[in-house]
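Undergrad: Please see the structure below; I have some questions.
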Amino acid sequence: MLGAMTVPVPVLTPQGGVRTAKGSVLFMHGFTQSPKAYTKLLQGLADAGFFVLAPSPPWSLNLNIPYQRF
């Protein structure tokens, strides 16, 4: 079992706020990337009326952590 950890979650809201959102988007970035690499895409989703969450788990940016291929 993993211990507790803090995961940064950038949040972008539509112009009219959360109550006017068309829906929610949970965006997970690509391997070795961060949400910053997708700023235009994420802002575009918010501008289109979506509430956007883009978590960035700490292990996703660490190239020294081994991973398995399936």
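The values are calculated or read from the model by the stated rules, or taken from the named source; none is laboratory data. On a predicted model such as this, the values are computed, not experimentally measured, just so you know. Here the Cβ is made from the backbone with ideal geometry for all residues, glycine too, and neighbour counts use every protein chain on show. SASA here: full protein model, heavy atoms, side chains in, ligands and nucleic acids out. Shrake-Rupley method; radii C 1.70, N 1.55, O 1.52, S 1.80 Å.
Undergrad: Please go through segment 1-40 and pick out each residue that is part of a helix (DSSP H, G or I) and in contact (Cβ under 8 Å) with a residue 12 or more places away in the chain.
TA: Val18, Thr20, Pro35, Tyr38
Undergrad: So, one more: Report, by residue number, each residue of segment 10-26 that is open to solvent by 40 Å² or more (accessible area, probe 1.4 Å) and either of a type in the set (D, E, K, R) or under 15 Å from the mean Cα position of the chain (by Cα) (or both). Break it down stepwise before answering.
TA: First pass over segment 10-26, keeping only residues open to solvent by 40 Å² or more (accessible area, probe 1.4 Å): 10-11, 13, 15-16, 18-20, 22, 24, 26.
Within segment 10-26, Pro10, Val11, Thr13, Arg19, Lys22, Ser24, Leu26 meet the criteria.
Undergrad: Now for a different question. Only one of these is modelled with pLDDT of 85 or more and closer than 16 Å to Val9 by Cβ: Pro35, Pro55. Name it.
TA: It is Pro55.
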